[in-house]
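Written below as structure tokens is the structure these notes are about.
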Amino acid sequence: MKTNNFKITIFYLAILNLFICGKLFSQTSADDLAKQLSNPVANLISVPFQFNFQYNINDNTDNSYNGYKLLLNFQPVIPVSLSKGLNLINRVIVPVMTQKDVTSKDAKEEGLGDILYTPYFSPSNTKLIVGIAPAFSFPTATNDLLGSKKFNLGAGVVVLGQPDKWTLGGLVTQFWSVAGDDERQDVSTLFVQPFISYGFKGGFTLGVLSENTYDWKNKMLVSGLVQLTMSQVFKIAGKQVASIGLYPVGYYANKNIKKPEWGVRTVLTFIFPK
């Protein structure tokens, strides 16, 4: 773990340097892009890389060992204009992870997780921003312990408002398993993500969000987190538009669920304005 801690320290020093030295473009452009990034169904092409570091994972029943997880979510967002008043916002999440001492002591799993695809249909030029989508979860995990081994279908909805410099709203997605390994438990999960943020001058955004997954089959909260969001829009080498975010994360869940005691999330997003 010492080597991992050293690498992570260097990684965050590099992020701090971007916050300090990132060359911003005009303030108006930075503020506008930061506001669009706060909207999950904005008509903006973006390619986020979300890095998650989770530590001291245990279920509070056996503290003889504590696990950790390193999770990278590749999350491209590709909007398509269907008509003058309607956009299709394609959102994909491709998880790649490494975890140790999570499923059992000295056990290590790594590889690809289940890929999620949610295409939101979102009317444009409305004060209340709404997106409605079918949702798909594909059993692409390369390790049985990193996925559900089920093909899941569902539906998602996002509703938000952006009065002045504020963004507040929520995202809800429900999944049901429709095919897959008969030996694995069927899936029926609800994901709820409320969020609120405020945009400051110069493309800096500060906010709070929570992510919660409820398992209807076992009737319990299997995953929950709250995070403080801090992000800055900048230019890389004065050319490529991007955003960097650094978020401390706290976790909670049912007492019988293995969960991290603490974690950090970092998001590097490449932006391609139209």
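The values are calculated or read from the model by the stated rules, or taken from the named source; none is laboratory data. Remember, predicted model here, so these are calculated numbers, not experimental data. Virtual Cβ from ideal backbone geometry, glycine too; neighbours counted across all protein chains shown.
Scanning region 161-177 for residues that are more than 30 Å from A107 (Cα to Cα) and in contact with a Phe, Trp or Tyr (Cβ under 8 Å, 6 or more places away or on another chain) turns up K165, W166, T167, L168, G169, G170, L171, V172, T173, Q174. Search region 196-211 for residues being surrounded by 17 or more Cβ atoms within 10 Å (Cβ to Cβ) and in contact (Cβ under 8 Å) with a residue 60 or more places away in the chain, and hand back the single one that is farthest from Y252 (Cα to Cα). Once the filter is applied, the top-ranked residue is G203. As an exercise: evaluate L190 against (1) crowded, with 17+ Cβ neighbours inside 10 Å; (2) at pLDDT 95 or above and give the number of the one condition it does not meet. Condition (1) is where L190 drops out. Any chance you could count how many residues in region 201-225 are outside any strand (DSSP E or B), under 24 Å from L268 (Cα atoms) and among the polar types (S, T, N, Q)? The total comes to 0. Sub-6 Å Cβ pairs linking a first residue in region 212-224 that is of a type in the set (A, V, I, L, M) to a second residue that is modelled with pLDDT of 95 or more, at least 6 apart or interchain, are L221/Y214; V222/T213; V222/D215, ordered by first then second residue. Restricting attention to region 149-169, the residues that are part of a strand (DSSP E or B), among the polar types (S, T, N, Q) and in contact (Cβ under 8 Å) with a residue 60 or more places away in the chain total 1. Residues of region 96-116 include at least one that is free of Cβ contacts under 8 Å to residues at least 12 places away in the same chain, of a type in the set (S, T, Y) and farther than 23 Å from V267 by Cβ.
Looking across region 166-202, the residues that are among the small types (G, A, S), touching a Ser or Thr at 6+ places or on another chain (Cβ under 9 Å) and at negative phi come down to S177, S188, S197, G199. Does V102 satisfy the condition of being surrounded by 15 or more Cβ atoms within 10 Å (Cβ to Cβ) and either charged (D, E, K, R) or at pLDDT below 95 (or both)? Answer is yes for this residue. Of all residues in region 104-114, one or more are in a strand (DSSP E or B) and under 24 Å from A155 (Cα atoms). Note on region 225-247: residues that are surrounded by fewer than 17 Cβ atoms within 10 Å (Cβ to Cβ), without any contact (Cβ under 8 Å) to a residue 60 or more places away in the chain and either in contact with a Pro (Cβ under 7 Å, 6 or more places away or on another chain) or within 23 Å of N39 (Cβ to Cβ) (or both) amount to 4.
Could you tell me whether any residue of region 90-98 is of a type in the set (A, V, I, L, M, F, W, C), touching a Pro at 6+ places or on another chain (Cβ under 6 Å) and surrounded by fewer than 17 Cβ atoms within 10 Å (Cβ to Cβ)? Within region 90-98 (the criterion being of a type in the set (A, V, I, L, M, F, W, C), touching a Pro at 6+ places or on another chain (Cβ under 6 Å) and surrounded by fewer than 17 Cβ atoms within 10 Å (Cβ to Cβ)), the answer is yes, since at least one residue qualifies.
Pick from region 250-274 the residues that are of a type in the set (S, T, Y) and over 24 Å from P79 (Cβ atoms): which of them is surrounded by the fewest Cβ atoms within 10 Å (Cβ to Cβ)? Among residues in region 250-274 that are of a type in the set (S, T, Y) and over 24 Å from P79 (Cβ atoms), the one surrounded by the fewest Cβ atoms within 10 Å (Cβ to Cβ) is Y252. When residues in region 257-274 are screened for being in contact with a Phe, Trp or Tyr (Cβ under 8 Å, 6 or more places away or on another chain) and either among the β-branched types (V, I, T) or assigned to a loop (DSSP other than H, G, I, E, B) (or both), 6 of them pass.
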